[in-house]
Amino acid sequence: LLLGITDDGHIIGLQVDNRLRSQIQDTARNCDPPLPVELSAVGEVMVVAVPESDDRPHACSDGFFMRIGANSQKLNRDEIFAMGLHSGRLRFDEQICDRFDPVSDLDGAKVDDYLDLAGLPTGLPVDEVMANLDVLNEEDGKLKMSNAGVLAFAKKPERLLKSAPVVCAVYQGHDKATIFWIGRSSARA
């Protein structure tokens, strides 16, 4: 960013002093997450170098913005969400599956199988086990299961997460494999 130059490229200058430097640094640090900036002066022009960030998106006091060409465009909710997914900050397995009903969708046999494989007693409270695995949390007085929990412990995960099939294969030698589909019976290949 060049401060002290008009949009049509004329140098009008400004007073480059510690007050201006402090204002710019404060503005950058008040973004969430804070933006690192490098300041330098060329005569009466302030040069503000803002490196591309891996921590996108950044929020300022007026919301989230993206630079598109010569303009800054305010992002809407869907654009912010898409940016979060693209950056890897919102991971699929950690997202809540609102369609999951703990009473009708939880497969107790899968929970018992997990406890048995983990060497834990099967009499443990299921909600505590799920909470310790960080796949079940309470929000607004309701139990909410993450997508990872649905894939591992739901009776029919394919009903709740139609676009997230899980296929596992166990290879035995070079020409034989057992393929396991969540929610389906295994098939030999």
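Given the structure, is ASP55 part of a loop (DSSP other than H, G, I, E, B), open to solvent by 90 Å² or more (accessible area, probe 1.4 Å) and either touching a strand residue (DSSP E or B) at 6+ places or on another chain (Cβ under 7 Å) or among the acidic types (Asp, Glu) (or both)? The answer is no for ASP55.
Being more than 26 Å from PRO157 (Cβ to Cβ), more than 31 Å from the chain's Cα centre (by Cα) and hydroxyl-bearing (Ser, Thr, Tyr) narrows it down to one of SER40, SER72, SER61, so name that one. It would help to see each step written out before you state the result.
On the way: SER72 fails: more than 31 Å from the chain's Cα centre (by Cα); SER61 fails: more than 31 Å from the chain's Cα centre (by Cα).
Result of the check over SER40, SER72, SER61: SER40.
Let's see how each residue does on (1) open to solvent by 40 Å² or more (accessible area, probe 1.4 Å); (2) within 23 Å of ARG159 (Cα to Cα); (3) at pLDDT 90 or above; (4) of a type outside the set (Val, Ile, Thr):
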{"site": "ASP98", "(1), (2), (3), (4)": "yes, yes, no, yes"}
{"site": "VAL103", "(1), (2), (3), (4)": "yes, yes, no, no"}
{"site": "PRO121", "(1), (2), (3), (4)": "yes, no, no, yes"}
{"site": "LEU124", "(1), (2), (3), (4)": "yes, no, no, yes"}
{"site": "VAL135", "(1), (2), (3), (4)": "no, yes, yes, no"}
{"site": "ASP140", "(1), (2), (3), (4)": "yes, no, no, yes"}
{"site": "LEU143", "(1), (2), (3), (4)": "yes, yes, no, yes"}
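In the set (1) surrounded by fewer than 12 Cβ atoms within 10 Å (Cβ to Cβ); (2) without any contact (Cβ under 8 Å) to a residue 24 or more places away in the chain; (3) more than 21 Å from SER87 (Cα to Cα), GLY63 fails one condition alone, (3).
Any idea which residue in the range 74-96 is nearest to GLY123 (Cα to Cα), counting only those that are open to solvent by 70 Å² or more (accessible area, probe 1.4 Å) and touching an Asp or Glu at 6+ places or on another chain (Cβ under 9 Å)? Only one residue tops the list, namely GLU94. Could you check, for the range 8-21, whether at least one of its residues is closer than 23 Å to LEU85 by Cβ, open to solvent by less than 60 Å² (accessible area, probe 1.4 Å) and either at pLDDT below 90 or assigned to a strand (DSSP E or B) (or both)? Checked the range 8-21: no residue is closer than 23 Å to LEU85 by Cβ, open to solvent by less than 60 Å² (accessible area, probe 1.4 Å) and either at pLDDT below 90 or assigned to a strand (DSSP E or B) (or both). Residues in the range 153-177 that are under 21 Å from the mean Cα position of the chain (by Cα) and either touching a residue at least 60 places away in the same chain (Cβ under 8 Å) or open to solvent by less than 60 Å² (accessible area, probe 1.4 Å) (or both): LEU160, LEU161, ALA164, VAL166. Scanning the range 32-52 for residues that are assigned to a strand (DSSP E or B) and among the acidic types (Asp, Glu), we see that the one that is most open to solvent (accessible area, probe 1.4 Å) is GLU38.
When the criteria are applied in full, VAL50 meets the requirement of being within 19 Å of ASN71 (Cα to Cα), of a type in the set (A, V, I, L, M, F, W, C) and touching a helix residue (DSSP H, G or I) at 6+ places or on another chain (Cβ under 8 Å).
The values are calculated or read from the model by the stated rules, or taken from the named source; none is laboratory data. Here the structure is a predicted model, which means the values were calculated and not measured. All Cβ positions, glycine included, derive from the backbone under ideal geometry; neighbour counts span all protein chains shown. Heads up: the accessible areas ignore ligands, DNA and RNA and are worked out on the full protein's heavy atoms, side chains in. Shrake-Rupley method; radii C 1.70, N 1.55, O 1.52, S 1.80 Å.
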